[in-house]
1. Yes or no: the stretch 442-453 includes at least one residue that is away from the ligand (no atom under 16 Å from the Cβ) and modelled with pLDDT of 95 or more.
2. Which of the residues that make up the stretch 266-288 are within 16 Å of residue 329 (Cβ to Cβ), within 14 Å of the ligand (Cβ to nearest atom) and in contact with a strand residue (DSSP E or B) (Cβ under 9 Å, 6 or more places away or on another chain)?
3. Provide a single number: the residues in the stretch 365-381 that are under 21 Å from residue 147 (Cα atoms) and surrounded by 19 or more Cβ atoms within 10 Å (Cβ to Cβ).
4. With the stretch 1-59 as the region, which strands (runs of 3 or more DSSP E) entirely inside it contain at least 1 residues that are surrounded by 17 or more Cβ atoms within 10 Å (Cβ to Cβ) and within 27 Å of the chain's Cα centre (by Cα)?
5. Could you grab me the full set of residues in the stretch 95-154 that are on the phi > 0 side of the Ramachandran plot and in contact with a helix residue (DSSP H, G or I) (Cβ under 8 Å, 6 or more places away or on another chain)?
6. Counting only residues that are out of contact with any strand residue (DSSP E or B) (no Cβ under 7 Å at 6 or more places or on another chain) and either closer than 16 Å to residue 51 by Cβ or assigned to a loop (DSSP other than H, G, I, E, B) (or both), how many does the stretch 145-160 have?
7. Would you mind listing the strands (runs of 3 or more DSSP E) fully within the stretch 325-442 where at least 1 residues are under 23 Å from the mean Cα position of the chain (by Cα)?
8. Does any residue of the stretch 304-318 turn out to be under 23 Å from the mean Cα position of the chain (by Cα), within 16 Å of the ligand (Cβ to nearest atom), within 22 Å of residue 265 (Cβ to Cβ) and at pLDDT 95 or above?
Ligand code: NDP
């Protein structure tokens, strides 16, 4: 049983002022795995005051000091990586091997990327008569979700440290354990008091207090569209910067020259990883109409091959995060059937061999782009196949969405794939599984604003100052 009863504020593990507690449920067993203290507005005030005090010095720190801290964090992170993976599996149900390789792996890759970037990042640059300075924005409220609990914290906290900002992290109540270990890592690494603070609790209390706080300069949020809108409202009065990474309904376009068994299979298997709880997931699979039967067979085969079960074991897919999430996904599967979509694989209910846990059957529909299952973010292992007639049709379907987070194109002809990528109204497009830890990540349209990862992730936390007429450094 884990008992998280303290917050990390001003370099100390302190007793909360708020008196509430919440249980944490293991989604694979439905049993209580521990509990956390729930903070109050007064806890936020205390953490913000500490972050503000720390900013006075950390905001003036040198590149070398910040590099030294990140390198020290890197050593601690490596030392605690097995514990981090255990925590992720326990709190949100990711298979243990996957949690180690990808959940913990992504955190370490972002950390390495931040270190490399910081070594050469131009905080000052002369442009004609103007000295352009990139200065830390100040005190940042970081509000994160449970779906990639380490990654979502890493893409905020490491740039915060690298750019000289200070922060208060409010992780999701559903995934408090990995956040607690990350705070312990930052503490052990020697993070100066107040530079990083952790307050656990309800989004409606802690998140709202941070968003409205007059002494918080910026909110960086990842999560649902609904909460993103609320945060913008709450932040408006104090005119703070708000970075939003929201939902997606990304299209994965399979070209007609592609090997369908390989590419459709990969697209469906990728959809099911992390139990489909990935904002950039390719939840709409666009296949050439002339090869529909072949595509359906490939997708069905891939979905039925996904071994689902106890995440401690050798499985490809664990449960979804919570009973509420399970119920939402089930209602979408039922809606898909009611709307007249054809079930290609999976369907309602739990896999037959599993008696407890929030397990969902890997589900694929054949549908149309006007159905709710093609328009709304389900955030579960549910993919909708949509046939297209030609490339213009594929692009039109892909762009016919309120979201614009990611896109995928798979096929033999790289020129055709790149041509489609240019036409997609999304923040990123991955061609044939391409991946780059330094590439900017974020969305068009209702998928949010701002960019995380790499250089653009640093710029999120920097103000630009023009000093005109200063003597040139060169
Ligand atoms: P939320 O957007 O509700 O939660 C994300 C974070 O925001 C959590 O830390 C949450 O706290 C906090 N929060 C909740 N309300 C507020 C508020 N009023 N002000 C500030 N912060 C707040 O996501 P859910 O967990 O409810 O997931 C619902 C849906 O959101 C999913 O089904 C999926 O569609 C989408 N989603 C998208 C993600 C993405 O990566 N783009 C990630 C997660 C979800 P608390 O822990 O108290 O809930």
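The values are calculated or read from the model by the stated rules, or taken from the named source; none is laboratory data. Just so you know, these numbers come straight off a predicted model, no measurement behind them. Glycine also receives a Cβ, built like all others from the backbone with ideal geometry; neighbour counts cover every protein chain displayed.
1. No, there is no match, as no residue in the stretch 442-453 is away from the ligand (no atom under 16 Å from the Cβ) and modelled with pLDDT of 95 or more.
2. 274, 275, 276, 279, 281, 283 - these are the residues of the stretch 266-288 that are within 16 Å of residue 329 (Cβ to Cβ), within 14 Å of the ligand (Cβ to nearest atom) and in contact with a strand residue (DSSP E or B) (Cβ under 9 Å, 6 or more places away or on another chain).
3. Residues that pass the stated criteria total 7.
4. Result: 2-4, 7-9, 20-25, 32-38.
5. Once the filter is applied, which keeps residues that are on the phi > 0 side of the Ramachandran plot and in contact with a helix residue (DSSP H, G or I) (Cβ under 8 Å, 6 or more places away or on another chain), the stretch 95-154 yields only 138.
6. 4
7. Numbers: elements: 342-345, 363-366, 382-388, 406-410, 428-431.
Strands (runs of 3 or more DSSP E) meeting the threshold: 363-366, 382-388, 406-410, 428-431.
8. Checking the stretch 304-318: not a single residue is under 23 Å from the mean Cα position of the chain (by Cα), within 16 Å of the ligand (Cβ to nearest atom), within 22 Å of residue 265 (Cβ to Cβ) and at pLDDT 95 or above.
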